[in-house]
Structures are given as C-alpha cells and as structure tokens.
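Each reported figure results from applying straightforward, stated rules to the coordinates on display, with no laboratory input. The structure presented is a predicted model; accordingly, all values stated were derived computationally and were not measured. Quick reminder, even Gly has a Cβ in these numbers, built from the backbone with ideal geometry, and neighbours come from all protein chains shown.
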C-alpha cells in the first residue's frame, strides 16, 4: 500500500503550509472570501482572483484554492470535530482559524449537500439540466391543418467532465415511450428504497 | 307590430336567411323570401326535415305547388296548430305568415345559451388564443431590429437565446434543512454574508431557472414525503423522526449487503482484484466503528457519514496516477534498448505474476481445506466437551449415593421427611401462586382488552385521517376547477359584445306590460261604468213601471167618474206606448251600430289579405297550369 504512506505524509504537510497563505489577508476580510469560496464549492461562482491580485500571486492563489477545497471537503465529508479541523489547519493563527471554523459551521449543511450531489454524479455521463419547449405545428406544406403538438427536449449532459447539449424533437407517441421508460426506471429506484 | 317584425327578421338572419336591408316588416316579404326563411328555419330546427327541400321556388307551377305542400306538412309535423297549406306560402297574407314565422323562431334551438354553461374545451380555447395571438402579430408591422420597442421584441425577436441552466441557491428557509433552531453562526452567515438571491448565480440569466429549479425540487420532495407518509408512515404508527431513522437504517443495511455481495473475491480476472481490494477497504471503513484518526492512517479516501456522504477525494486518483508514473523507467537510454528492456521486464513480470497467481490459487485452496478441517475439529471438540460434562454430573450423583449407603435406614427416613417437606412446600407454593395468579391474569386480560380497544380506536382515527386527506384533496381540486371556470366565464363575459338591444328589449317589454296594465284598468273602469248604467236603467225602468201602474190605477178609478179624466187616461196610455217604442228604437240603433262596426272590421281584415292581388295571381297560376297541362298533352300526343 504505497498510497497509504503517501497520504499520511501529505496530510499534515503542504496543505497546512498553503493554508498559511491565508494569513496575508486581514481577519476581517477573511470571512467574505471564505463564504464566496464555499459558494463556488456548492456550484456557484468562485471568488475572482482579480479582486485579490494584490494579496496573492497567481500561483499562490491556485494553491490556496486547492488547499481550501481539500480542507472543506475533508472536514465536512468526515464530519470532523473542531479539534480535528484545528489539526488540519496546523499552526494557522487563531483569528483566521476561527474564521474558517465559523464559516464551516455556518455552511456545513450546504457543503454536505454539494458533496452528496458530487457522489451521486459518479457515473460517466450525468444529466445536469434539462429544458423543454412545447410547440404546436399548425400546418405543414402538405396539410393545411395539422395541429400536432411537438416537444422539443434539450438535455445538458456532462460526459466525462465535458458539457454536451443534446436536442431532440418528439411527437406524442415518442414522448409517451420516453415517459414510460423513465417511469419504469423510477419504479426500480423506488423498489430499492 | 314593428318591434315584433324586427325581432323576427333578426332571428331569421341569424338562422341563415338572406334578407335585404330595406325589408323592414313581414308585409314586405315575397313568396320566395317566405319559402327561404321557412326552409332555413326548418333546417336549423331539424336537419332531417329541412334537408329534402330547396330554398328557392322552382319555376314550374306544379313544382311550386308540391313544394308548398311539403313545407306545410313539415310545419304541421313540428306541431303548428294554425291553418296551413300550400296557399300560405304561394298566396301569402300577413297575419298568417307572421304567426307561422313566430312559431318557427320560437322553435329555434337556443344552443348558444346552453353551451356557455359548460367550460369550453381546452383545445378550443388554445386554438382561439393562438388565432388571436397570430392575428395580433400579423397586425403589427415588421421593424428592423434597431427600431424595435420592447413590445416588438417579444414577438419579433427570434426567441430567448440563453439556455435553461440552473445553479444551486442558498436560501435561509429551505425544506431540505430541518427547520429546528439554527446555530448562531448560521444566523450570522444569513445576516452578513448571504447574497441576495438575484446575485447568487454566476450569470444573471440563470436566476429564474435556478429559482424554478429550487422550488420544484423542494416541492417534489415535500410531495413525495407526504405521499409516503400518508400511505406507509401513518400505518407504521411512528413519529416522523422515528420513521425516518428506521428507513435510514434499513437503507444503510441494504447498501452494505449489496456492496458486500459485489465485493466477494473473484480470483478469475486480474483487474477485479484491484477493485475488490478497494471495495473491501471501503467496506472496512463503512461498517467499521473506526475513529477519524484510524481512517487517516488507513488512507482510504472514502469516508462515511450517517447518510453515506462518502465522497471520493480527487487526490486518490492523482496518487494512483503518480504511482503509475513512477513505475515507468525514467532513464534516457536509446529507444530500442529501452523497448527490449521493457519487454524483457514485462515478460519477466508476467511470468512472476503468473507464478504468483498460481501460488495464490494453491494457497487459497489449502486455506479453504484447512478452514473446513478446522470447522470439523472444533465441532468435534464441542461434542466431546458436552459428553464430558454429562459424565461428570452422573459421577457426582453416584458418588453421593455411595456416601449415603452405610447408614441407609436413617438416611432413608431423612430423605422421606425431606421429600414430604418439599412436597408440602410445593403445594403451599402452588396455592400461593394461585392466589397471586388470579388477579394478575385478570389484570392481564383487562389490559389486553384496553390495548385492543386502543388499537381499534387508533385504526379508526387513522382511517378517518385518510378520509380527511382524500376529502381535502378532492375539495382543493374542485375549488381549482371552479376557479378556472369562473375565470373563463369572466373573460368570456368581458369579450361578449355589450349589446344594447337586450336592455332595449327588456325596457320595451316592461313598457308594454305597463301599457297592458293601464288598459286593463281602463277596461275594468268601463265595465263598472256599464254595470252602473245598466243598474240605473233597470232601476229607472222599474220606477217607471211602478209609477205607471200607480198612475194608471188612480186615473182608471177617477175615469169611471169623470169624462175629462178618461181622456187624460187615454193620453197616458198613448204616452206610455210611445215611450216604449222610443226606447226600443234606441236599443235597435245600438245593436245596428255594433253590427256595422263588426262588419267594418271584417272588411279591413279582408282588405289586409290582398284578396284581389292574390286572386289575380291565382288566375295567372291557373292559366299557367292549364298551359303546362296542354303542353304535356301535346307532348303525349306527339310522343
């Protein structure tokens, strides 16, 4: 088990050094950055580097972001106690450590949800979003009165980390087939419960 | 009559008759128009009746006659009571036509009034809405994009160009998070750091999408929970929290089982060993009560929490990649050397691997055999131990009896007394037990009954609750339906043409009614006047008769004595007779006057019937028929 030994050395090593970069920011500014960062972790936008370009260099910024990601994921994913988090933080000064703990407490549930979502999406292709438009074809070049409803379904897929959009148009029968297939799948899921 | 005619003409136009604008009353109706109106009405009232006849008068006289006959028959079939025949249509007179048309118009179905009670079909509404929208859009002129007002943008731009992308939002009030007391830090976060929801998503365009998505997910979660709670949760008689925790435990167990079965070691494939080792690690961490520190040293990157929030850390993959990379030779030798070396190494390694796997299999087989034999041996051992302890017991008993043997008599007596004592004690205890038992059993029964009662009650209440739930849902649905109907009716009412004719009609009707009332009053007044006059006349006649009789008697008495009085008696008689004649004459004049008036009225009605023109027409038609007949006869002769 080579990986195990590698893990344990890394655990308390570089991570806490990177976290120490946080001390460059004043403790009053710190909570804002942390909360914006957690926003990013939960699927919204991360804080912008431009706003902090005077505090950190690009490399430092990247390392800080990485280590913060690590920290929050580990702390929330393992339901660590305050003490354990303190250990992870190493010798970070107390004001900043407090800020991190505060933020962690406030956002624990939200981060947990985000992590659960991440775990849910472990298959190679996942559905990110879907949208539909219903269209009524009133007539065609052959028929003056067609009156056929058509569904335009667009799926936003994430295939191996790459966004891909799938669009399809279905008439009533095809839609019924799709819905019955989905319902059958849902039944299987319900049986698992 | 004008009012009636206008209504009649309006109704006939609605039924589909083409009536000219300058036709104002029934008097102006020609035979063609009458036939068309009647046929159209018949078609609307009963399509089976009216479809056989044409709306226009044919040129041939006999065909006209036949058409009139069939129309008259159709009207009688509908239930028209008045006089009707072919002459009604061909040689019309105003009152007859008016009564016939009134009858037909009354028979017209009032479908519009009935149809509006029902909500119109959804598809019809949709079609109407689409038609209205398209009409409105067609009415707008096309404008170049730079000149468009917001009004035009909606209809003339090619539609929204951004796609529907949702992002998770952070809201203080959420169903996902339990609504219990929130920690101080959370409140602080809400107060100071939480952005307004409109600026939370990274793109402004995805605000509505995100909000909708958030709402929908919470709504569906709440609905699902409610459904489940109503169908299964209530029956389990647990509090919601208990039910949830029980379900969670069940699910946890299930997933564990699944993973365990999937992680059964399968030595046949090489690739599987890696994954199974991962899985066993996972299982260890999963079922284990290991502390956090343990997990850290173990290095498994799977953590578990109450709700399986095990997340795979990305660095795990990174480490594996790094391990793979370090395995690669990093020397910069020539490629061929490298390749040869690699191949040699590869084959070597493969050989080693095969050997190792063969060894592994062998050792595995040995282990399996050994475990089986260990099982067998341990079973044997257990059996031996059992038999051993049994034997020890028997040895003890036998030893005691051997000890007692020397002083057998005394010991026997002692034993007997002991046995008796214990028997008595047993009886005593049994009676005591009985004493205690009876009330306890009673208590037990009572409690059981109570329990079953409670259960019944609770099940009754459960069913009641279910009923109530159903009712609530039903009434909500009904309310929704009613509301939509109400809305629809309101819109329909607003779109209806604000016709003044209706109010005018009602005003007119009210006026007519009041007129009729006035007339009735007058009639009663005149009647009472007449009665009074009659009475007066009767009274006067009676008085006259009596006065005449008395005078007659007195004068007659005196006339026997006096000659001059006799003369006056004669005058009296003559006067009386003349007066009677006069009265008679006046009465006769009255009756004659009345007769004259009747006759005048009759003349007027006869004049209204256009007799002369009709007669002329009849004569012409008669001539036409004779001509037709002669022509037909000539044809026969020729043929």
*Taking each residue of A:105-111 in turn, how many C-beta atoms of other protein chains fall within 10 Å of its C-beta, and what is the average?*
6
_Prolate/oblate/rounded label for the stretch B:1-109 (Cα gyration tensor, a/c 1.5)_ = rounded
_Averaging the inverse of every distinct alpha carbon separation and then flipping it gives the Kirkwood radius. What is it for the stretch A:126-192, in angstrom units?_
14.1 Å
_Sorted peptide list for A:46-59, A:160-173, criterion being average Cβ within 10 angstrom, highest first_ = A:46-59, A:160-173
*Per 5 Å bin from zero, what fraction in whole % of the C-alpha pairs of the stretch B:417-490 is there, up to the bin with the longest pair?*
4, 12, 8, 9, 7, 8, 6, 6, 6, 5, 5, 4, 4, 4, 3, 3, 2, 2, 1, 1, 0, 0
_Two-site FRET efficiency, residue B:534 against residue B:593, from Cβ-Cβ distance with R₀ of 30 Å, rounded to 0.05_ = 0.95
_Only counting other Cβ atoms within 10 Å, I'd like B:565, B:35 sorted with the fewest neighbours first._
B:565, B:35
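On a full-extension model of 0.36 nm per residue, what is the gain between residue B:217 and residue B:143, subtracting their alpha-carbon distance, rounded to one decimal in nm?
Taking residue B:217 through residue B:143 to full extension adds about 22.5 nm, to one decimal.
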*Simple label model, 7 Å out from Cα along Cβ direction - residue A:157 to residue B:473, nm*: 3.6 nm
*Size of chain A as Cα extents on the principal axes (Å, biggest first)*: 77, 42, 32
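In peptide A:34-44, what is the residue-averaged number of other protein chain Cβ atoms found within 10 Å of each Cβ?
Averaged over the peptide's residues, the number is 4.
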*asked:* Could you tell me how far the Cα centroid of the stretch B:342-364 sits from the Cα centroid of the stretch B:467-543, in Å?
replied: 107 Å
_the stretch A:19-122 - Rg and Dmax from Cα coordinates, angstrom_ = 13.2, 38
*From other protein chains only, count the Cβ atoms within 10 Å of every residue's Cβ in A:65-76, then give the mean.*
2
*C-alpha long axis of helix A:172-192 to longest principal axis of chain A, angle in °*: 40 degrees
*Packing rank of A:92-98, A:109-115, B:573-579, where each peptide gets the mean count of other beta carbons within 10 Å, highest leading*: A:109-115, A:92-98, B:573-579
